[in-house]
1. Does GLU249 satisfy being more than 9 Å from ligand 2 (Cβ to nearest atom), assigned by TED's automatic domain parsing to the domain that holds VAL41 and open to solvent by 10 Å² or more (accessible area, probe 1.4 Å)?
2. Residue by residue through the stretch 95-110, note down the ones that are touching a residue at least 24 places away in the same chain (Cβ under 8 Å) and open to solvent by 30 Å² or more (accessible area, probe 1.4 Å).
3. Scan the stretch 183-201 residue by residue and report those that are of a type in the set (Val, Ile, Thr) and open to solvent by less than 10 Å² (accessible area, probe 1.4 Å).
4. Looking at (1) open to solvent by 20 Å² or more (accessible area, probe 1.4 Å); (2) closer than 23 Å to ALA243 by Cβ, which is the only condition LYS145 fails?
5. Identify all residues within the stretch 134-147 that are in a loop (DSSP other than H, G, I, E, B), within 16 Å of ligand 1 (Cβ to nearest atom) and in contact (Cβ under 8 Å) with a residue 24 or more places away in the chain; write none if there are none.
6. Got a sec? Which of PRO203, PRO224 is away from ligand 1 (no atom under 12 Å from the Cβ) and either within 20 Å of VAL300 (Cα to Cα) or in a helix (DSSP H, G or I) (or both)?
7. Do we have any residue at all in the stretch 20-33 that's away from ligand 1 (no atom under 11 Å from the Cβ), in a strand (DSSP E or B), touching a strand residue (DSSP E or B) at 6+ places or on another chain (Cβ under 8 Å) and open to solvent by less than 30 Å² (accessible area, probe 1.4 Å)?
8. Which one is most open to solvent (accessible area, probe 1.4 Å) among residues in the stretch 149-170 that are assigned to a loop (DSSP other than H, G, I, E, B) and more than 15 Å from ligand 1 (Cβ to nearest atom)?
Amino acid sequence: MKKILVTGGLGYIGSHTVVELQKTGYQVVIIDNLSNSSLDVLEGITDITKTPPTFERLDLREKAAVSDFFKRNNDIEGIIHFAASKAVGESVDRPLLYYENNLNTLIYLLQECNTHHINNFIFSSSCTVYGEPDSLPITEDAPVKPATSPYGNTKQIAEEILKDTCSVSSLKTIALRYFNPIGAHETALIGELPAGVPQNLVPFITQTAAGVREQLSVFGDDYPTEDGSCIRDYIHVVDLAKAHVIALERLLSEKNKSNYEVFNLGTGRGSSVLEVVNSFEKTTGEKLNYKIVDRRPGDVISVYADTKKANEELGWKAQKTMEEALASAWKWEWKVRENS
Ligand code: NAD
Ligand code: WQD
């Protein structure tokens with residue numbers, strides 16, 4: 001059984017990926033410092049797969065501890081690196097926290113890859129690197145735009161660090177640029193656990209429908225789109241998780257075309273905020289209390305992926321619908337409320 005390290009494996013996307021890795025037959029070791037997750041997630045994963053992954057509570061900013069981990073685990077064949085801080089607004093207020101947590105951690109891991117000859121690396125990047133795109137759908141060779149937040153900048157710099165490292169070493173990397181992940185595992189045993197007031201649309205919707213928030217603010221209906229609200233490419237987290245397994249297998253079987261590859265992970269379909277709201281109401285039968293408010297500063301108007309490269313070269317395609325994603329998010333929200 002191949003042993004794979006998943007950093008941030010108790011987080012939202014990481015936990016769903018651990019499930020898919022275990023289902024495919026990989027042995028998983030998770031590193032997480034629990035800064036944005038909890039040990040309950042470990043139980044959730046184990047309940048789904050019936051196999052407890054190995055877990056190390058470790059802060060990847062601690063270089064010596066990271067080094068010690070790799071000395072004790074000298075049979076790791078690949079790394080999927082999710083661990084990072086991800087709140088865009090917080091990154092504006094605390095840039096150094098973001099540069100340290102999202103870049104130092106990457107550098108320490110890559111140094112260990114070099115020392116221990118670990119050649120297979122998957123990185124969580126983001127469609128945020130495209131900024132406001134010049135044309136739609138967005139292909140992987142669209143220009144990377146100047147970042148509008150320290151968070152976004154960490155993803156751009158991380159991609160540069162990886163590209164430079166791959167050009168002078170045996171390291172092979174696939175950077176996956178996620179569009180907007182939503183939804184939860186069908187069992188409702190794992191899902192998204194936003195800290196404090198959710199910044200993202202779908203957790204805000206489910207919390208509003210559950211009565212935790214009074215009202216959803218729809219940020220703007222005067223954009224140059226059909227209904228005036230912004231457009232995003234919302235992808236089911238389980239589809240996203242499956243893409244990681246496929247990307248890993250591409251590296252392990254040396255099917256990659258170059259040592260540094262980038263793939264968009266989205267559905268290829270754009271949905272407006274109001275379409276998501278309507279779809280939620282239709283799928284769940286819940287009436288959502290919402291009002292239109294001013295635009296949110298920094299929001300891009302419209303982004304959705306060209307998925308041709310991922311479809312053709314990875315052999316991966318998103319399977320699940322918006323309705324399935326929203327139904328699973330709603331089921332998960334209920335589960336969270338029941339247990340709190
Ligand atoms: P998450 O916060 O749920 O998961 C990240 C996990 O990493 C958490 O469990 C956290 O405790 C852990 N972590 C953070 N810093 C750590 C450190 N120094 N040492 C050890 N563990 C640490 O986030 P997510 O939504 O699952 O995102 C995973 C990755 O995908 C991140 O790199 C994020 O930037 C990227 N991404 C997320 C989205 C999104 O909308 N969720 C979109 C694009 C890219
Ligand atoms: C989606 C749409 C909002 C909340 C962010 C990060 C990006 C990436 C994904 C990591 C937008 C609207 C939202 C609300 C609303 N993360 N909205 N009311 O902005 O596409 O991207 O998450 O890499 O870097 O910036 O996602 O979920 O915040 O917003 O009307 O209460 O919903 O204006 O149009 P976004 P989001």
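The values are calculated or read from the model by the stated rules, or taken from the named source; none is laboratory data. Not measured: the values here are computed from a predicted model. Here the Cβ is made from the backbone with ideal geometry for all residues, glycine too, and neighbour counts use every protein chain on show. Keep in mind that these areas ignore ligands, DNA and RNA; they rest on the heavy atoms of the full protein, side chains included. Shrake-Rupley method; radii C 1.70, N 1.55, O 1.52, S 1.80 Å.
1. Details: more than 9 Å from ligand 2 (Cβ to nearest atom): yes; assigned by TED's automatic domain parsing to the domain that holds VAL41: yes; open to solvent by 10 Å² or more (accessible area, probe 1.4 Å): yes.
Spelling it out, GLU249 is indeed more than 9 Å from ligand 2 (Cβ to nearest atom), assigned by TED's automatic domain parsing to the domain that holds VAL41 and open to solvent by 10 Å² or more (accessible area, probe 1.4 Å).
2. Just the residues of the stretch 95-110 that are touching a residue at least 24 places away in the same chain (Cβ under 8 Å), to begin with: 95, 98-110.
Residues satisfying the conditions are PRO95, TYR99, GLU100, ASN104, ILE107, TYR108.
3. So the first thing to find is which residues in the stretch 183-201 are of a type in the set (Val, Ile, Thr), and the list is 187, 190, 197.
Residue satisfying the conditions is ILE190 alone.
4. Failing condition for LYS145: (2).
5. GLU140
6. Values: PRO203 fails: away from ligand 1 (no atom under 12 Å from the Cβ).
Result of the check over PRO203, PRO224: PRO224.
7. Initially, the stretch 20-33 is screened for residues away from ligand 1 (no atom under 11 Å from the Cβ), giving 20-29.
Retained after the next criterion (residues that are in a strand (DSSP E or B)): 27-29.
When the remaining residues are screened for being touching a strand residue (DSSP E or B) at 6+ places or on another chain (Cβ under 8 Å), the result is 27-29.
From what's left, open to solvent by less than 30 Å² (accessible area, probe 1.4 Å): 28-29.
Yes.
8. Top of the filtered list is VAL168.
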